[in-house]
Amino acid sequence: MTSISDLSWSETSFRAKLELFSKSRKDNELNLSSTDRWVRAKGYSALSSTYYSIYRTALAQLKAAFQSGWRAPARTVAWCFTWLPLAVVCYSRALPCSNRAVKLMGGYGKMTAGMCNIRQSVLRSHFKYAEAKRCITEALNKRLVEAHTRGHLHVGRADIYWHEGSRFSGRCRRRNLVIREVQAAINAAKEAEKEEPRQAARIFWHSARFLDRISKNKTEVNQLRERARLLAEKTGAKDQSFKMI
């Protein structure tokens, strides 16, 4: 039987993600029905992460459909009848599940940095940047933050600064803020590369995306993308490789 981890990291097909959707809920039933608030919060956080991941894969599938040349119209129509309903359901459930986890934990103070990282990703996907920024700040101030989690948090903050750029006095300030966060993310990814290569690949890839927008050093951008691609291929992270298209 295919594990949730394999369905999440190593599969990209609609059938696999549909199975992941069903299996994740079933595997979390005991957690969600627990009398322990921490266990229930952990279950809701895990579900929100799964829903967010499936939603992102669905978007990558749509991008792939658009880029498929003469087959694009047919593939786009097929996407609308398969991936679109699944994406809508996952997108609509991710934030409520995340909200439930926060409520059960009584706020970010008692949540782990990993749970906060999932939370900020979901918040950003719903354009709730102010709340995501507060979540990231609290997560980075925690005593125990694993390197790969720290990297994702810095990537998240870089994304927030990018979208909040219109509020700043000039482009230079936005650029400096984004570069600062991206550099912190890259440093964290280098720390995590040996123990968490799949996560490091994600961080390198997202860092390359931001640098591509603001940096003239395209050599560094290409090196980061190649590093991410090789790590994803080496670890069998086909879903991550697919999202790098």
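The values are calculated or read from the model by the stated rules, or taken from the named source; none is laboratory data. Fair warning: this is a prediction, and the values are worked out from it, not measured in the lab. Neighbour counts are summed over all protein chains in view; Cβ atoms, including those assigned to glycine, are modelled from backbone coordinates with ideal geometry. To get the accessible areas, we keep the full protein, side chains included, count just its heavy atoms, and leave off ligands, DNA and RNA. Shrake-Rupley method; radii C 1.70, N 1.55, O 1.52, S 1.80 Å.
Structure data summary
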read-out	value
Residues located in region 1-10, provided they are in contact (Cβ under 8 Å) with a residue 60 or more places away in the chain and in a helix (DSSP H, G or I)	Ser8, Trp9
Any chance Arg119 is within 25 Å of His206 (Cα to Cα), at pLDDT 95 or above and among the basic types (Lys, Arg)	yes
Search result, residues across region 191-229 that are surrounded by fewer than 15 Cβ atoms within 10 Å (Cβ to Cβ) and not acidic (Asp, Glu)	Lys194, Arg213, Lys216, Asn217, Lys218, Thr219, Asn222, Gln223
Residue within region 219-237 that is in contact with a Pro (Cβ under 7 Å, 6 or more places away or on another chain) and among the aliphatic types (A, V, I, L, M) present	yes
Which numbered condition Ser92 fails, given (1) within 22 Å of Leu123 (Cα to Cα); (2) touching a residue at least 40 places away in the same chain (Cβ under 8 Å)	(2)
Candidate set: region 1-10, residues that are of a type in the set (A, V, I, L, M, F, W, C) and open to solvent by 40 Å² or more (accessible area, probe 1.4 Å); chosen: the one farthest from the chain's Cα centre (by Cα)	Met1
Criterion (in contact (Cβ under 8 Å) with a residue 60 or more places away in the chain, more than 17 Å from Ile136 (Cα to Cα) and assigned to a helix (DSSP H, G or I)) met by exactly one of Arg227, Arg198, Arg173, Arg209	Arg198
Residues (buried (at least 17 other Cβ atoms within 10 Å of the Cβ), among the aliphatic types (A, V, I, L, M), assigned to a helix (DSSP H, G or I) and out of contact with any Ser or Thr (no Cβ under 6 Å at 6 or more places or on another chain)) located in region 230-242	Leu231
Helices (runs of 4 or more DSSP H) contained entirely in region 11-80, each with at least 3 residues that are at pLDDT 95 or above, among the hydroxyl-bearing types (Ser, Thr, Tyr) and crowded, with 16+ Cβ neighbours inside 10 Å	37-66
